[in-house]
Each structure stands twice: as structure tokens, then as C-alpha cells.
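Report on one structure; see the data block that follows.
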Amino acid sequence: MSKPCQCSIIGTGSYMPSKVLTNDDLSKMVETSDEWITTRTGIKERRIAADDETTSDMATAAAKQALEAAGVKPEELDLIVVATVTPDMFFPSTACLVQSKLGAKNAIGFDISAACSGFLYALQAARHFLNGGPRMTALVIGAEKLSSLINWKDRNTCVLFGDGAGAVVVRRDDRKTAPGRVLSTVMGSDGTLADLLKVPGGGSACPITAENVALRPNTIYMEGRETFKHAVTRMYQASLDALEQAGVKAEDVKLVIPHQANARIISAIAERLNVPPERTFINVDKYGNTSAATIPVALDEAQRSGRLKSGDILLLVAFGGGFTWASSVVAW
């Protein structure tokens, strides 16, 4: 077995666009209502990026906050990993664009595509990079402009998603008592279920053409009921595995920070873990599902609002298209 990665989160940041799209606003665009959306999802509103605001713009804004909180200069960064399914373009990577905007001239950068699990995948990738060589400091970002993938005529999906970005600075630190240390991460995927949650068009399998553009194949398609079922099962098991790997129990967890997809999913996970509502972080009501951005945004909000204390055990857990899932335990 390889030596565990000794890495700590030393700064957090987030960015949410200024435009607010409420449930009442959506009811004027598609056949729905505030009551219908709130009852099924817990979402009241979400943020929508400006037309000229890109994923890399939002990622850079969140990154600047995280760097400031960590007391790290851009040129001190060795690595930038961006988790996103809404890159500015197919290539270059969003991470390279963020590197340029930050002036992080000494960092290498790449993107990870794992949908809503992307941030935890990126965090684990950064840990391995820092553990396996001379690099010391990484910037890990989850950023999405999901409004660019939404079919605003599909009420089953358009009510769910929003835009935003969150970031953390991670540093290699061999001290066993270092604050913010990541104790464990588990990940999984099941590509046999890929058709349940996807954007079918826009890639090499189904390029956008004059003949198919009206069908909007480059928008989100989801089998909601099946996705819900798998999300609860996989997130619960991933949480148990991460807790076991870290050597802690569910009752030791001070705050669960789950992927913010749906309030009912979050409640189901907390109930199975016997974690009371006051120890579960929820902001899905304000932002909806921002995919890879949900966990780092929630982590930053929890930190800045004073909900995190030194030594607190945090459980981060996510599920997304692929299907993918991941969970991390952090000793704050």
C-alpha cells in the first residue's frame, strides 16, 4: 500500500454570479411553480452567469479569494486542477486559462470531468501530485456555467441547475496534526449507467449540425427517479467507506457537506448516517445544483460563516453523471 498523501486545505474561496433566477421567474418561462419546485427539490433560487461571463472567469474569482485566505501568491502555485463539465472551450483547458488570468506562471494545469463529483476527484488528484514529487502547493477549483447546457423548455431539468465556482488551496504538510488535513478520499464510477444523466450532443459521438441543432442535443438529459435512487445509495456507501478509511465514526462528524443536488437526497443521506439536520450544511435553496462547484462553495460558506472550528471532522460527499461518486473526510 502506498504512503497516504499528507495534504491540508489552507484556504477557501467562492464566487456566485450576481443575477438571481427565482422559482417565480421560472414559472414565467416554463410550466412550473414555486410550490412544485420547492417541494421536490428544496430549491428557491439559483444564480445565472452573465452572457459574457465564462467558467474560467468565475473560477479565477473564486481562486483569488482562496489564495488570499491562504496567504499564497499565484506564482507560488505548482498545480491548478479545475473540475468542470462546462469548460470555456474543448481546449485549451480551463485550468490553463485560469493560470493565465492569475499569473500563476510556475503552475501546471489540467481539467477533470467527473460531473458533480468533479471537485472531490480533483482534490484527490492534487493530493497524489503533491505526494509524488517536488510540488508543494495546489489550487483545486470546481466551476460550472450550467446555464449554457440547460434546455429552458424542459421543466424537469431547467429548475435544478445554476452557475458558480468554489476553490481551495492545498499544501503538502507531513504534520499529523496539521489543520485542514484531508484524512481520506474514496471514489467510484459506473459507466454502465451513463445514459441516465448526460449531455448527449456536442462531442465526437454526436456533433452539433444544422440538421440536429433544433433538437438541443447539447443540453442536460436526466432520468430523475433513477438518478435519485443511485445517488442516495452510492453517497451513503462512499461516506461509510471514507469514514472507515479515516478511522472515524459518523458520530464524530461535526458537519456533513454534501453535493447540493436536491434537499431530499441530502436529507436521505443524513438520515441514514444518523446525522441531525443541524450538522448538515445546505445551501441548495439559494444556488441550486452547481455540479462540481457545490462542495467547495459550501465549504467556503461554512468557513466564512464561522461554522467550522479547529479540529472539526468534516464529511464531504458527492454523486454525479458517469455515474461517479466520491467522499472525503477532513480534519479542520
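The values are calculated or read from the model by the stated rules, or taken from the named source; none is laboratory data. Because the structure is a prediction, the values reported are computed rather than measured. Cβ coordinates were reconstructed from backbone atoms using ideal geometry, including for glycine residues, and neighbour counts include every protein chain displayed.
Does segment 287-310 contain any residue that is modelled with pLDDT of 95 or more, of a type in the set (Phe, Trp, Tyr) and part of a helix (DSSP H, G or I)?
yes
Any residue that is closer than 27 Å to Arg175 by Cα, at pLDDT 95 or above and of a type in the set (Phe, Trp, Tyr) - is there at least one of those in segment 321-332?
Yes, because at least one residue in segment 321-332 is closer than 27 Å to Arg175 by Cα, at pLDDT 95 or above and of a type in the set (Phe, Trp, Tyr).
Looking at segment 250-278, I want the residues that are over 23 Å from Gly164 (Cβ atoms) and have a partner that is among the charged types (D, E, K, R) and assigned to a loop (DSSP other than H, G, I, E, B) with Cβ atoms under 7 Å, at least 6 apart or on another chain. Which pairs are those?
Lys254/Asp312
For every residue, the table says whether it meets (1) within 20 Å of the chain's Cα centre (by Cα); (2) assigned by the TED database to the domain that holds Ile313; (3) at pLDDT 95 or above.
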| site | (1), (2), (3) |
| --- | --- |
| Val213 | no, yes, no |
| Phe228 | yes, yes, yes |
| Ala250 | no, yes, yes |
| Ser267 | yes, yes, yes |
| Leu273 | no, yes, yes |
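Looking only at segment 231-286, count how many residues are part of a loop (DSSP other than H, G, I, E, B) and of a type in the set (Gly, Ala, Ser).
Of the residues in segment 231-286, 2 are part of a loop (DSSP other than H, G, I, E, B) and of a type in the set (Gly, Ala, Ser).
Cβ contacts < 7 Å: first residue touching a residue at least 40 places away in the same chain (Cβ under 8 Å), restricted to segment 70-96; second residue surrounded by fewer than 17 Cβ atoms within 10 Å (Cβ to Cβ) and of a type in the set (A, V, I, L, M), any location; separation 6+ or different chain. Result?
Between residues of segment 70-96 that are touching a residue at least 40 places away in the same chain (Cβ under 8 Å) and residues that are surrounded by fewer than 17 Cβ atoms within 10 Å (Cβ to Cβ) and of a type in the set (A, V, I, L, M), the close pairs are Asp78/Met136; Leu79/Ile108.
To keep it simple, each residue is scored yes or no on (1) among the hydrophobic types (A, V, I, L, M, F, W, C); (2) touching a Ser or Thr at 6+ places or on another chain (Cβ under 7 Å); (3) over 20 Å from Gln303 (Cβ atoms).
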{"site": "Ile9", "(1), (2), (3)": "yes, no, no"}
{"site": "Leu21", "(1), (2), (3)": "yes, no, yes"}
{"site": "Lys28", "(1), (2), (3)": "no, no, yes"}
{"site": "Thr41", "(1), (2), (3)": "no, no, yes"}
{"site": "Lys44", "(1), (2), (3)": "no, yes, yes"}
{"site": "Ile48", "(1), (2), (3)": "yes, yes, yes"}
{"site": "Ala66", "(1), (2), (3)": "yes, yes, no"}
{"site": "Leu79", "(1), (2), (3)": "yes, no, yes"}
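Among the candidates Lys105, Lys101, single out the residue that is touching a residue at least 12 places away in the same chain (Cβ under 8 Å), surrounded by fewer than 22 Cβ atoms within 10 Å (Cβ to Cβ), assigned to a helix (DSSP H, G or I) and not assigned by the TED database to the domain that holds Arg264.
Of the residues listed, the single one that is touching a residue at least 12 places away in the same chain (Cβ under 8 Å), surrounded by fewer than 22 Cβ atoms within 10 Å (Cβ to Cβ), assigned to a helix (DSSP H, G or I) and not assigned by the TED database to the domain that holds Arg264 is Lys101.
Residues of segment 44-85 being polar (S, T, N, Q) and crowded, with 22+ Cβ neighbours inside 10 Å, which ones?
Thr55, Ser56, Thr60, Thr84
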